[in-house]
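The structure appears right after this line, and notes come after that.
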Amino acid sequence: MDHAAQPLDQLPTSVQELGGTQLQIAQYLVRDFVDFPAGAVKYWARSHDGQTSWVSDWAQNLDEILNMEETNGCLPERGIGKRNLDAVRQHKGDIYMQTPNPILQNTWTWSSLPYSTRQRQQWKPPPRLAGQVVMDAFEIDQGVQFYQGLLQTDGRTVVWTDGFKTKHRTSELQALLYNPVAVVYS
């Protein structure tokens, strides 16, 4: 069973607004919109020595985060809800360049954060495909880049964040389903 160390409406540790030399981030694990838009977007991050902590979104680390996502896969997200949906949509378009179709659903749904419990979170494929988030790597001029998309109600069409549409067989879609645990622990 998955237990949170602290309630999700409170930060387990203080948010750190650090320069690049103070905390060497090995991996950004989860993007958190819980306090957004009144507060900053936060990242649950892991340092090279295995320590985890909250890091706030700031200009100096944004390029690093986006580059990591492009090459390693899209970060799981939490804290997206009715109260901040419009602000998250705007932020994702302006900052993460997810236009015209940003992913506006929580992809980290566990009560605990990565590396905060003894047991790794377990992901199970959803019983229905329609409405699910998918992720795939695409060849671009600079190499390979990951994109997320949303499976439409027809059960075959994916609309990617950049507006591109593709059709797939069910077996292909099963392989494209976004698995946040695999992204975090890879």
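The values are calculated or read from the model by the stated rules, or taken from the named source; none is laboratory data. It should be emphasised that the depicted structure is a prediction, and the values quoted were computed from it without experimental measurement. Glycine gets a Cβ as well: all are built from the backbone with ideal geometry, and neighbour counts include every protein chain shown. The area values use the complete protein model at the heavy-atom level, side chains included, leaving out ligands, DNA and RNA. Shrake-Rupley method; radii C 1.70, N 1.55, O 1.52, S 1.80 Å.
Points worth noting:
- Within-14-Å neighbourhood charge of residue 77 [Cβ basis; K, R +1; D, E -1]: +1
- Mean sequence separation of contacting Cα pairs (under 8 Å, at least six apart), scaled by the length of the range 52-122, corresponds to a relative contact order of 32 percent.
- For residue 27, distant residues with modelled amide H under 5 Å away: 46
- In this structure the chain gives 56 Å² per residue of accessible area when probed at 1.4 Å with all protein chains present.
- Hz values of 3J(HN,Hα) by residue in the range 115-131 - Karplus curve (6.51, -1.76, 1.60), Gly and Pro given as x: 6, 10, 10, 6, 9, 5, 4, 10, 9, 10, x, x, x, 10, 8, 4, x
- Between the Cα long axis of helix 59-72 and the first principal axis of the chain there is an angle of about 40°, rounded to the nearest 10.
- Using every pair of separate Cα atoms, the Kirkwood estimate puts the hydrodynamic radius of the chain at 17.2 angstrom.
- Solvent-accessible area of the chain (1.4 angstrom probe, protein heavy atoms only): carbon and sulfur portion equals 49 percent.
- Think of it as helices only: each DSSP H run of n ≥ 4 in the chain is worth -39500 (n - 2.57), and spread over all residues that comes to -5500 deg cm²/dmol at 222 nm.
- Phi-derived couplings, Karplus 6.51 cos²θ - 1.76 cosθ + 1.60 at θ = phi - 60°, listed residue by residue for the range 163-176: x, 5, 10, 9, 10, 9, 7, 4, 5, 5, 5, 4, 6, 8 Hz, with x used for Gly and Pro.
- Of all beta bridges that DSSP places with both ends in the chain, some 90 percent have antiparallel geometry.
- 3J(HN,Hα) from dihedral phi, the range 47-52, Karplus parametrisation 6.51/-1.76/1.60, rounded to Hz, x for glycine, proline: 7, 4, 8, x, 7, 10
- Taking the chain and dividing mean pair separation by its residue count, relative contact order in percent (alpha carbons under 8 Å, at least six apart): 20 percent
- Among residues other than residue 160 with Cβ under 13 Å from its Cβ, the summed charge is 0 (Lys and Arg +1, Asp and Glu -1).
- Cα-based helix-to-principal-axis angle, 85-94 vs the chain, degrees rounded to 10: 90 degrees
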